[in-house]
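First the structure, in the form of C-alpha cells, and then the observations on it.
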Amino acid sequence: MKTWKRPNVLLLYTDQQRFDTLSYRRELAIQTPNLDALASEGAYFENYFVNNPVCSPSRMSTLTGRYCSSVGVGTNGIGLPRDMVPLNQLLKPYGYHTAQIGKLHFDPHAKRDHRDPTDTYGFDTFILSDEPGCYDDAYTKWVEMMDPDEVPKIRTSLPPAAYRYNKPEYSAVPRETHEPYLFEGKRDYSHQSFVASETINYIRSRDGKTPFFAIAGFYAPHPPINPCPESVEKVDFSKITPPVLGEGESVTDRVKDVTPENWVKTKAYYLALVTELDELVGEIVKALKEQGLYEDTLIIFTSDHGEFLGDHGRIQKGMPGHDCVIHVPLIIKYSREIAPGKVVDALTEGVDLVPTILDFCGIQIPRYVQGKSLRSLLRGDTDEHKNSVLVEFFDPYGLRQTTIRTKTHKYYINNRGEEILYDLAADPGEHVNCVENAQYRDVLSELRRQMLIRIQDAAYPNLEQTAEY
C-alpha cells in the first residue's frame with residue numbers, strides 16, 4: 001500500500017520589508033547569504049504583492065486566503081472577524097500541530113494590557129508579541145528570564161493609544177522610520193532573536209511524526225529602526241542613495257527636515273535589521289536540518305507589506321499602494337516538489353499563499369478561499385497565473401481606496417473619484433501620473449474594466465443559497 005507524508009509548513013513572516021532588501025539576483029548595500037541560499041534551493045518570486053498596504057488587514061487577508069473586502073477589514077484597529085477561518089484551523093483536522101510565535105496582529109494591540117490572555121485563534125502553541133519591548137508581553141518576560149538587567153535596554157516607546165493600558169515610563173526612544181538609533185541591549189535579546197529562539201525551541205520539540213505548521217512572526221524591519229551596532233558595520237553606506245520625489249509630489253510635514261545624509265543613515269539602519277533577520281533565518285534552517293526536518297518542510301519567507309523609506313516624500317506605508325509598499329519578498333522552498341533555483345516571474349498576490357499551502361499539504365481548498373494555488377507554477381506545469389493583483393484599503397468612516405496592478409500599469413481610484421495611473425514600463429519608480437494623458441485613454445478604460453471585475457470577485461459574499469426564493 002502506498003503511503004504519503006504531509007509536509008511541515010514554516011512561515012517566516014517579517015514586517016514592513018520591501019522587495020529590494022535581499023541580495024539575491026541584485027547588487028545591494030548588504031548581503032543576505034542565508035535568504036539567498038534558501039532562494040537558490042527553492043523558488044524566488046519576482047512579482048509577489050500583498051493585498052493591503054498595512055499590517056493587520058494584510059495579515060488577515062494572507063492567512064485566510066480572502067481579499068480584505070471579503071474579510072471585512074481594510075485597516076488596522078479591527079480584530080479578525082469570528083467567522084473567518086485562518087490557515088491553522090484548516091490544517092488542524094489533518095493532524096497538524098500549529099504554532100504562532102511573535103507577531104500575529106489579529107487583535108488590535110494598543111488598547112489592551114498584554115499581561116492578560118488573548119484569543120489563541122486555535123493555535124496549539126501561542127507565544128504572542130506584536131511589538132518589541134513596549135508591552136509586558138511574552139518577549140519582555142523572555143528577556144527578564146534570560147537576564148533581568150537587559151529589560152530596560154530592550155524597551156521601546158509605547159504607541160500613543162497604549163498609555164492608558166500600559167506604563168508610560170517604559171521608554172522614550174523614537175518610533176518613526178526616519179529616527180534610527182542603535183539597539184542598547186545584547187544582540188541575543190532583540191525581538192527578532194526572541195522569535196528565532198522560540199521558533200528553534202519549537203522545532204526541536206517536534207518528533208518528526210506529527211506534521212507542524214508554525215509562524216515565526218518577526219517584527220523587523222518595521223520601525224523603530226534600531227539595529228545592533230555590529231549589524232550597521234555590515235552595511236556599505238556608499239551604495240545607498242537618498243530618495244527621489246516624483247512629478248507633483250511633495251515631502252510630508254513629518255519628514256520635511258530630514259537631510260539627504262539622514263536618509264542614507266535611515267536606509268542603512270533599516271537594511272542592517274534585514275541582515276539580522278538573515279542570520280536568524282540561517283539559525284532556524286540549521287535547526288531544521290539538525291532535526292532531520294529540512295527536506296520535509298515547506299518553508300515560506302515573506303512580509304506583510306513594505307516601507308516608503310522616503311520614497312514619494314513619505315515614510316511607513318499606505319495607499320495608493322506604490323510598489324515600495326506592496327511589493328515584498330517571497331521565497332518558497334520544498335525540496336520534494338520544487339526544483340532549486342526556480343525564478344517565478346508571474347504576478348502573484350497574498351491571497352494565493354493559503355491555497356498553495358493547502359495544495360502542497362494534500363488538503364482540499366474551501367470554496368470561500370479566493371486565492372489561486374501557486375503549486376502548478378512552482379512545479380513548472382505553467383508560467384501563467386494572473387493578469388493583475390488587487391490592493392484594497394478602507395476604514396469604517398473614511399476613504400475607500402482600490403488599486404489594480406498589472407505587469408505594465410497601475411491604476412488607483414478612491415470613493416472621491418480621485419485617480420492615478422502609472423506606466424510601469426516607462427516609469428518603474430511611479431513618479432508620473434498619466435491619468436490625464438490622452439495617450440493612455442484606452443489603457444485607462446481597460447484598467448477600469450478590470451478593476452470592476454476584480455472588485456466584484458473579491459467583495460461579493462459567498463453565502464450558499466438554501467432555497468429557490
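Bear in mind that the values in this text are calculations on the coordinates, not laboratory data. Everything numeric in this text was worked out from a predicted model, so none of it was measured. Cβ coordinates were reconstructed from backbone atoms using ideal geometry, including for glycine residues, and neighbour counts include every protein chain displayed.
What the table shows:
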| read-out | value |
| --- | --- |
| Inter-label distance for Glu418 and Thr241, nm, one decimal - labels placed 7 Å from Cα along Cα-to-Cβ | 2.8 |
| Expected-Rg normalisation [2.2 N^0.38 Å, Cα atoms] applied to region 8-390 | 0.93 |
| Beta bridge orientation in the chain: antiparallel %, DSSP, nearest 5 | 45 |
| The chain, relative contact order in percent, only Cα pairs under 8 angstrom and at least six apart counted | 25 |
| Size of charge dipole - the chain - debye, nearest 20, with Cβ of Lys, Arg +1 and Asp, Glu -1, no other charges | 980 |
